[in-house]
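Input: a single structure, listed below in structure tokens.
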Amino acid sequence: MTDFPRSLIEFQRRFPDERACAAYLANARWPDGFRCPACGHGKGWELATKAFTWECAGCGKQTSVTAGTVMHGSKLELTVWFWAAYLMATHSNGMSARQFWRQLGLGSYKSAWLLCAKLRRAMVAPDRSPLKGLVEVDETAIRYRTNDDPPAGGRGRSHDGKMLVAGAVEIVGNAPGRVRLTAIADGSAETLHAFIRADIAKGATVKTDGWSGYPGAPDVSHAPHVVRNMAAHIVLPWAHRLFANLKRWALGVYHGLRRKHLQSYLDEFVFRFNRRKTRHAAFRSLLGIGVTIKHSTYKMLIAPDATA
């Protein structure tokens, strides 16, 4: 979409009603024309008696444009979904569920939280490629919150009351490229090697601070730079900048993160960071992934904490 909306006014004009949103979803889901999800037949027609529903000419199955997608079974209007996706994808820092609740006029906080949680699931492309080339890898600790308490956690390097996160930054020239963040249980070699195996391509060069958990990681070259008396941010400047931005974001938008949903919030941060130069087009990516992944229920997403 070459004329993608770059302002709220343009967005409103592009998606003014349910019909415009449904047409966009249909094109995103079936770019080459309708294809039945049940039998694979490539011919069908839109029903006049059911809103935004197609019937397969082969098996007769009727399929809503939202069936099986991240929006499956939702009672919210498509325009609400589109506004939520646009705000979450293009707002520089994102928005909390409480902000969505007020800004979109939703009926309850639970509805707002569920909307945000489902959109976060659509922020990880199933087929995303691993980081490659030179990659800085490090781990950090984030203080967590319980109920309305301020962020907990011990001082300094203490992991008491903190959540551990592994991070990786792909270096392109002298600047950061794509990033990955994963919640981890500990800093052991088994845990860190699993992170590297999942998110970094074979043959890449992994630059670390010399922590004993990194040597021996499979299929990558290891370039340890022992910190000793040198400041850690000198050795791994982009990884430390990534962690600093993450922590400021967590406190500024959510006033601290909770253990229960840590990975989904990390996914949200990574999604926006990796699209920081194409922020408005990120909406297209978000809904594009949303129509390809399987839908989730409230029970699958787990009931939220009172102030998440």
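Observations
- Qualifying residue in the range 52-60 (condition: in contact with a Cys (Cβ under 6 Å, 6 or more places away or on another chain) and part of a loop (DSSP other than H, G, I, E, B)): yes
- Selection of the range 67-90 for residues being in a loop (DSSP other than H, G, I, E, B), free of Cβ contacts under 8 Å to residues at least 60 places away in the same chain and not acidic (Asp, Glu) yields Ala67, Ser74, Lys75, Leu76.
- Identity of the residue in the range 232-286, part of a helix (DSSP H, G or I) and hydroxyl-bearing (Ser, Thr, Tyr), that ends up modelled with the lowest pLDDT: Tyr254
- A single entry from Ala183, Ala168 fulfils the requirement of being surrounded by 17 or more Cβ atoms within 10 Å (Cβ to Cβ), assigned by TED's automatic domain parsing to the domain that holds Ala244 and under 14 Å from Glu136 (Cα atoms): Ala168.
- The range 194-211, subset of a type outside the set (D, E, K, R) and within 12 Å of Asp138 (Cα to Cα), residue modelled with the lowest pLDDT: Gly210
- Filter pass, Glu55 being in contact (Cβ under 8 Å) with a residue 40 or more places away in the chain and of a type in the set (D, E, K, R): no
- Scanning the range 60-111 for residues that are among the aromatic types (Phe, Trp, Tyr) and closer than 18 Å to Tyr254 by Cβ, we see that the one that is surrounded by the most Cβ atoms within 10 Å (Cβ to Cβ) is Phe100.
For (1) modelled with pLDDT under 90; (2) not assigned by TED's automatic domain parsing to the domain that holds Ala168, each residue gets a yes or a no:
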position: Ser92; (1), (2): yes, yes
position: Ala97; (1), (2): no, yes
position: Tyr109; (1), (2): no, yes
position: Asn147; (1), (2): yes, no
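- Taken as a whole, the range 66-83 holds no residue that is of a type outside the set (A, V, I, L, M), in the same structural domain as Arg121 (by TED's automatic domain parsing), more than 30 Å from the chain's Cα centre (by Cα) and on the phi > 0 side of the Ramachandran plot.
- Residue pairs meeting the criteria (Cβ under 9 Å; at least 6 apart or on separate chains; first in the same structural domain as Ile171 (by TED's automatic domain parsing) and under 20 Å from His240 (Cα atoms), in the range 193-219; second among the polar types (S, T, N, Q) and assigned to a loop (DSSP other than H, G, I, E, B)): Gly213/Ser188
- Within the range 26-47, the presence of at least one residue that is of a type outside the set (D, E, K, R) and in contact (Cβ under 8 Å) with a residue 60 or more places away in the chain is confirmed.
The values are calculated or read from the model by the stated rules, or taken from the named source; none is laboratory data. Since the model is a prediction, treat every value here as computed from it, not as a measurement. Virtual Cβ from ideal backbone geometry, glycine too; neighbours counted across all protein chains shown.
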